[in-house]
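A short reminder: the numbers here are calculations on the coordinates, not readings from a lab. A quick note: this is a predicted structure, and the numbers were derived from the prediction, not measured. Positions of Cβ are backbone-derived with ideal geometry, glycine not excepted, and every protein chain shown enters the neighbour counts.
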Amino acid sequence: MSSPTSGTDRLTVDIMRGVAVLTLDRPEKLNALDVTTRLRLAALVRELGTGEPVRGIVLTGKGRAFSAGEDLSAVPATDEQFKQAFESFHDITRAILETRVPVIAAVNGLAVGGASEITLCCDARIGTPATEYYQPENSRGITISNASSLLIGRLVRNHAMRMVLGSPRIGADEALRIGLLDELVEPDQLIDRAIETVHAWTPEGGTTAVHLALLRPRLEEIEDAFAREDVAAWESWKSGLLTAGVAGFWTTKETTS
């Protein structure tokens with residue numbers, strides 16, 4: 001049973017067995033994230049992550065994709081829009097790491113760019129045979145964000161360079177092998193397994209919030225990564241590489257092929 005609590009056209013929230021399931025709900029665009037959706041996602045994570053309303057949070061996508069990442073039909077046109085675009089991605093990572101409850105990424109399909117990076121700060125990533133990771137930024141004049149310059153290496157060590165510079169598509173089995181995913185289940189078991197994980201990690205009378213704070217990366221490290229990524233992104237923006245890369249995307253549409 002699920003109990004809807006709130007939502008927007010592109011992000012829905014259901015409370016299932018005491019766990020908030022946040023679903024990116026724009027399947028016709030592979031759940032691409034515009035700024036409004038990103039701001040709403042960060043706000044919901046903060047609202048639900050205090051330890052009072054729910055035992056944990058599960059983030060997933062509707063349809064065949066987890067999310068195609070940045071909505072490239074609404075790219076920044078001004079310096080201010082550019083800064084807001086990057087900060088709205090960063091703030092999702094910040095919000096997740098500030099929660100007092102486990103946050104589980106239920107990666108139901110394709111996870112691209114900024115959306116792929118959002119999963120990196122989650123406390124676990126559970127996938128299905130359809131899960132696929134793709135970091136296309138390097139060949140697109142775009143730069144990584146969401147503190148992924150810190151988090152990718154923390155998870156996959158020497159595979160980080162290959163993931164970012166070579167932009168391979170990493171399927172579910174490889175993602176499990178290198179540490180991007182913690183577990184693989186069948187699609188119809190994905191949400192249940194994520195909820196079970198939250199329950200297992202939040203025993204009554206336990207010290208889950210304390211251990212999350214100890215085991216997650218320090219927020220100072222995360223903010224340092226944001227600052228470095230902002231400098232790199234600004235250079236890409238001012239040089240014109242980002243604009244040219246987005247134009248190239250619309251020519252080839254590699255992300256959704």
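If you fit an axis through the alpha-carbon atoms of helix 79-98 and take the longest principal axis of the Cα set of the chain, what angle between them do you get, 0 to 90°, nearest 10?
Its long axis makes an angle of about 20 degrees.
So for each of 49-57, 71-79 I average, over its residues, the number of other beta carbons within 10 Å; can you give me the resulting order with the highest mean first?
49-57, 71-79
Compare the peptides 112-124, 12-24, 174-186 by average per-residue count of other Cβ atoms within 10 angstrom and give them in order, highest first.
Packing order, densest peptide first, comes out as 112-124, 12-24, 174-186.
If you build a Gaussian network model of the chain, linking Cα atoms that sit under 10 Å apart, which residue out of Phe82, Phe66, Phe226 swings the most?
Fluctuation is largest for Phe82.
Divide by every residue of the chain the summed helix terms, -39500 (n - 2.57) for each DSSP H run of at least 4, and state the resulting mean residue ellipticity at 222 nm, rounded to the nearest 500 deg cm²/dmol.
Result for the chain, helices only: -13500 deg cm²/dmol.
Ranked from highest to lowest mean number of other Cβ atoms within 10 Å per residue, what is the order of the peptides 211-223, 99-111? Intermediate values should be presented prior to the final figure.
Values: 211-223: 13.5, 99-111: 25.7.
Per-residue Cβ counts within 10 Å, averaged per peptide and sorted highest first, yield 99-111, 211-223.
Which order do Thr207, Thr37 fall in if you start with the one that has the fewest other Cβ atoms within 10 Å?
Going from sparsest to densest Cβ surroundings: Thr207, Thr37.
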